Amino acid sequence: MTGEWLTRVARRAAPAAAIVMGLCVLLLTVDWMVAAVQAPKHDKLVAGLQKKVKSDASLAPRLAAEQKRITAGRIWRKRRDHVTGYVLLAAAIVFLASSKRVLAGRPRPVKAPEKPAPPAAAQAARAHRTPSAATPPALDLAFVDEAVARIGRGKEAAIPLLQAIQEHYRYLPDAALARVCELTEITPSQIAGASTFYGQFRRSPVGKHIVKVCHGTACHVAGARQVTDELRRSLGIGEGEDTDPARLFTIEEVACLGCCSLAPVLMVDGQTAGRLTPATAPAALDVAGEKEPA
Ligand code: FES
């Protein structure tokens, strides 16, 4: 209640203080201009009388009177300016305090209500559509144990083990490689060297469908790059990635697929589609049974 009253008072005081400040500034300016105009005239008057007094002593009382009048005027103006200065200072303080109070009492913008969280079912559906964002399920490492027992524990078993793991999981999961190192004589550096040296091995999860886009000479000339770029764009595959966020499609650029007369060509899940253009290429992925990408 007191706060509202103070705000109301401040709303009236602020403009009044501003008017007083303006009047004070005007008065000081006028005084300064008057003094600037009168000072040379007064000096000239006094100098003239002083000159005449030297030859006519009867003018001495008039000179004294003029000097007294001019001095009194200057003292009065100086005192008035001092008072005006203090009033200006006080008005400025009142103005600043009132403005602050008025600003503090202004209604604050109402915050927009937060968007309600999507229903749990929608969140679950999204998580299903984008498994990369969800916590990956724990990997079943029973296959690794069985492969090690079948293929061997020596260093010479490194490549066959990697091939078996990739065939089973479709890539080389870190957990599976760590398990191999636990169970065999193969070291993590050997695993890392072999898995990165040979192009047949993948270290990241692969999509449900492999899309092989031919970049052989005939397909390259016929626009394989534009086809690949459009596929990546329509699937939302980011820079440096080869699999879409939903892990439905992995795009691979491969050498000649052997059907150059249909260039440019792609193969998805073993089915070939040819004479593609950037406009028709996304529809070619429909053969995989998934919804055509946007
Ligand atoms: S170059 Fe693409 S199929 Fe031969």
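Give or take rounding to whole Å, what are the principal axis extents of the alpha carbon atoms in the stretch 162-294, in descending order?
The Cα atoms of the stretch 162-294 stretch 51, 29, 25 Å along the principal axes, largest first.
Excluding H42 itself, calculate the net charge of residues whose Cβ lies under 13 Å from the Cβ of H42, where each Lys or Arg counts +1 and each Asp or Glu counts -1.
After counting each charged neighbour, the total is +4.
Ordering T250, T187, T196 by accessible area with a probe of 1.4 Å, largest first, what comes out?
T196, T187, T250
For the stretch 28-109, what % of the accessible area comes from carbon and sulfur atoms, probe 1.4 Å?
67
With every protein chain present, what accessible area does K52 have (1.4 Å probe, heavy atoms only), rounded to the nearest 10 Å²?
Its heavy atoms expose roughly 110 Å² to the probe.
Hey, what do the phi angles of the stretch 243-249 turn into as Karplus ³J(HN,Hα) couplings, whole Hz, using 6.51/-1.76/1.60 and θ = phi - 60°, x for Gly and Pro?
Ordered by residue, 3J(HN,Hα) equals 10, 6, x, 7, 6, 9, 10 Hz.
In a shell of Cβ-Cβ distance under 13 Å around R80, excluding R80 itself, what net charge do Lys and Arg (+1) and Asp and Glu (-1) give?
Residues close to R80 contribute a combined charge of +2.
Just the accessible area for I210, please: 1.4 Å probe, Å², rounded to the nearest 10?
Using a 1.4 Å probe on the heavy atoms, I get roughly 40 Å².
Excluding ligands and nucleic acids, what accessible area in Å² is computed for H215 using a 1.4 Å probe, to the nearest 10?
Roughly 40 Å² of H215 is accessible to a 1.4 Å probe.
So, for the stretch 147-272, what is the accessible surface per residue at a probe of 1.4 Å, expressed in square angstrom?
Accessible area per residue: 50 Å².
Could you please report the charge total around E167, scoring K, R as +1 and D, E as -1 over all other residues with beta-carbon less than 14 angstrom from its beta-carbon?
Cβ neighbours under 14 Å give a net charge of +2.
What does the C-alpha gyration tensor say about the overall shape of the stretch 232-284? Classify as rounded when a/c is under 1.5, otherwise prolate if a/b is larger than b/c, or oblate.
Prolate, since a/c reaches 1.5 and a/b exceeds b/c.
With the full set of protein chains in place, find how many percent of the accessible area of the stretch 164-294 is carbon and sulfur; take the probe as 1.4 Å.
52
Long-range amide H contacts for V254: which residues qualify at under 5 Å (H placed 1.01 Å from N, peptide plane, sequence gap of 5 or more or a different chain)?
Correct list: V213, C214, H215.
Among S58, H42, V30, pick out the residue whose Cα is farthest towards the positive end of the charge dipole of the stretch 27-73, where Lys and Arg carry +1 and Asp and Glu carry -1 on C-beta, about the Cα centre.
Checked the options; the winner is S58.
When the chain is fully extended, how far beyond the present Cα-Cα distance does R77 get from A149, taking 0.36 nm per residue of separation?
That works out to 14.9 nm of additional length.
The values are calculated or read from the model by the stated rules, or taken from the named source; none is laboratory data. Everything quoted here is computed from the prediction, not taken from an experiment. Neighbour counts run over all protein chains shown; Cβ positions are idealised from the backbone, glycine included. Just the protein is used for accessible areas: all its heavy atoms, side chains included, with ligands, DNA and RNA removed. Shrake-Rupley method; radii C 1.70, N 1.55, O 1.52, S 1.80 Å.
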